[in-house]
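These notes are about the structure you will find just below.
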Amino acid sequence: MATNTFNQDSSAQQNFVWHSDAANSSFFVTFPKSPDMELLLIGAELYQDIEQHDRLVLHFKGKPLLKRGAIVSNDPVVFSFSSGKLTSTWHGYVNHVSQDNTHQGGNTDIVCVGASAILKDTAQKVYKNMTFDQAVIAAGKSKGFEVITQKHSRVKDTISHTGESYWQWFIRLAKVSGFAFLVENTTIFFVSKDKIFQNKKNSAPYFNYIDSEVTGVTPRELRMTGTILSFQPMISDQSPELGVRVDRVISGTDKQTGKLIKSKHPHKGPQPTNPGIVIPNESYFKK
């Protein structure tokens, strides 16, 4: 990585640019229900914003002519892309199709929503004597999702799902509990922000500052080669001003019966094959 150098003959600082593998990126899409889609994919934009469904916009050249290649709303979509060492596959559904007509011809844009679109369904249910993560597990599995959670700190007498969509309800539970709610394809994550950061930092893209090796002046075209131009930071769970505590279970008391509420979180870690044998020393028998 080249570093920025300061020209002593000029008071102006040189421009920084993003260095990325965007020039070597590749992508392609398949429609399982329309394998005969004949149009050429000329561009794609994947939007992943906080607390929003993933959106994929596909730009195709021309318009489909074959009936067997027709695209219908809610058709599944599989989008694969690679950039440098990063390779990923995205799953979703067709939301709507847009076709522009001009004197030069027309192109076809297909707008897709991630697999989390299923969570737009609404429901009414009450979960009793559970922690937030246990309620998320029960609701997520009922919609066919794999759910990865972290133990929350308190047992609630009732956790109400009062008619809003699953997506809105999960976001509300995340805001109340202080956890992060994240959906990747068909997997729901309901864990602390720090755990997501630790698990994702090795595969996340990083910024590299570079400058021109010849003149030190970077042209505008080179500045626009980056894949990420802005981001919004998320406050860490370990910030002392938040007072958040995770991985700790505190039981509650049933208001009706006065009995202790027990919350069971099964241990998912590896179990030792040989627990070992404890042999007391000589001083133990002298007491």
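With labels modelled as points extended 7 Å from the Cα through the Cβ direction, what inter-label distance (nm, one decimal) is found for Asn74 paired with Glu45?
In this crude label model, Asn74 to Glu45 measures out at 2.7 nm.
Give the peptides 74-83, 130-139 in descending order of average Cβ contacts within 10 Å, highest first.
130-139, 74-83
Please provide three numbers in whole Å: the alpha-carbon extents of the stretch 21-118 along the principal axes, with the largest listed first.
37, 34, 24
If we sort 44-57, 182-195 on the protection proxy, mean other Cβ atoms within 10 Å, highest first, what's the order?
182-195, 44-57
Structure shown: which of Lys120/Lys141; Lys151/Lys193; Lys120/Lys195; Lys33/Lys61 lie over 22 Å apart, alpha-carbon to alpha-carbon?
Listed pairs above 22 Å: Lys120/Lys195.
How would you order 107-117, 30-40 from highest to lowest mean count of nearby Cβ atoms within 10 Å?
The densest-packed peptide leads the list: 107-117, 30-40.
For the stretch 124-187 and the stretch 77-95, what is the centre-to-centre distance using only Cα atoms, to the nearest Å?
So the two Cα centres are separated by 27 Å.
The numbers here are math on the coordinates, done by the rules we state, and not lab data. Values in this document were obtained by computation on a predicted structure and should not be read as measured data. All Cβ positions, even for glycine, are placed from backbone atoms using ideal geometry, and neighbour counts span all protein chains on display.
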